[in-house]
Amino acid sequence: RQCLSPTHPHTTLLSSLTFPPHFPAKMTRSHLCLLCLLLSLVNLAASQDDATIMQSLKSTLHLTPDVDWSNPDPCKWVAVQCDGSNRVTRIQLKQKGISGTLPLDLQKLSELIVLEFFSNKISGPVPDLSGLTHLQRLNLHDNLFDSTPKNLFSGMNSLQEAYLDNNPFASWEIPETVKEATSLKNLSLVNCNLTANAFSGPIPDLSGLQSLRLFNLRENQLTGLVPPSFTGLKSLTVVNLTNNCFQGPTPLFKNSLTSLETINLSNNQLTGSIPTELTSLPRLRTLDVSNNDIHGDVPKFRASVSVVTTGNVNIGRVSPTSWKSFRNRI
């Protein structure tokens, strides 16, 4: 009696099992059959759970006529993909004009790889998605979400991209759990009412996010110092902190950042001078520090680097503090 076909999803798993030499062959075959049955039942139960959650999602959304979710099998729905075990892996309802809310049990779709609802009119809270260990892309930008869970990013160690831009969230902070998203490459939280944490500052310690390339927090209410924890991340390509209330000296990005191309710090309250060390960033193309309170001479950058300093009235002058100290000495 053959329990498994060569293409069965559990063949690899079962073929890797080893049994002691004295283990009866007959017993081995029986156990393999039983294990096969148990795994099949587990998969069946999980796929049925996914179907129930997808029906819940359907009931909380107001779908547009071009989104056909009438089939009893969610794996056959528009913008939904499943794996060979009928587990939902992708939901990509984007730019459809859909309204409604997201169900609280969405996190039980444990095989999700991509979750996209961007450019719709979905409102209410972003549900707790903690524990979605396979999720690689979370894209909820340009909706009407009003809050995020405090444990956003918790357990998402496969997450590579997260976009929550342009949502009318109540005032919130970047959660400490962002540290758990150790595979994160792109983090974009533009215009979503971010504020600073009274204890940890505007940005948590991101030194563990060694794959981070895009870091975009523009158009928020972040105050305080730009922390050094991410200015040494070697993978960074784009940093955009424009239109916030960051204070203190212009951050020093280390010359070991060989991928960094764009630094936008415009429209903040930064002081001090432009660090000369920035001239040695090998791939830098744009440095925008306009509309701050920066003083002193502009260091000499390569001709290919666009340096924007407009709106800094003391550019080219010594700092007021230095001038006062100089006058006191004469």
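Of note:
- Equivalent ellipsoid semi-axes, segment 209-330, via Cα gyration tensor eigenvalues times 5, rooted, Å: 25, 16, 13
- Orientation-averaged projection of segment 82-236 equals 8.8 nm² [convex hull of Cα atoms, one quarter of hull surface area].
- As a fraction of the 1.4 Å probe accessible area of segment 70-169, surface on carbon and sulfur atoms comes out at 45 percent.
- Of all DSSP beta bridges in segment 186-330, antiparallel share, percent nearest 5: 5 percent
- Segment 213-284, accessible surface, carbon-and-sulfur percent (1.4 angstrom probe): 49 percent
- P(r) weight above 20 Å for segment 143-225, C-alpha pairs, percent: 27 percent
- Kirkwood Rh, angstrom, segment 183-245 [1 / mean 1/r, Cα pairs]: 11.9 Å
- Here segment 43-174 carries DSSP beta bridges of which approximately 25% are antiparallel, counting only pairs with both residues inside.
- Scattering curve values for segment 173-279, log₁₀ I(q)/I(0), Debye with Cα scatterers, q = 0.10, 0.23 Å⁻¹: -0.24, -1.48
- Full-stretch length increase - Arg302, Ser56 - with 0.36 nm per residue and alpha-carbon distance subtracted: 82.9 nm
- Taking a ≥ b ≥ c as the square roots of the eigenvalues of the alpha carbon gyration tensor, segment 89-166 is prolate, as a/c is not under 1.5 and a/b beats b/c.
- For segment 237-259, backbone nitrogen atoms closer than 17 Å to the point 7 Å from Asn314 Cα along Cα-to-C-beta are found at 246-251.
- Rg(Cα)/(2.2 N^0.38 Å) for segment 53-101, N = residue count: 1.09
- Solvent exposure of segment 135-245, expressed per residue, is 38 Å² of accessible area, with all protein chains present and a 1.4 angstrom probe.
- Theoretical FRET efficiency, 1/(1+(r/R0)^6), r = Cβ-Cβ of Thr195 and Leu144, R0 22 Å, to 0.05: 0.65
The values are calculated or read from the model by the stated rules, or taken from the named source; none is laboratory data. Predicted model only: the values in this text are computed from it and were never measured. Because the Cβ atoms are built from the backbone with ideal geometry, glycine has one as well, and the counts that use them run over all protein chains shown. Quick note on the areas: whole protein, heavy atoms, side chains included, nothing else; ligands and nucleic acids left out. Shrake-Rupley method; radii C 1.70, N 1.55, O 1.52, S 1.80 Å.
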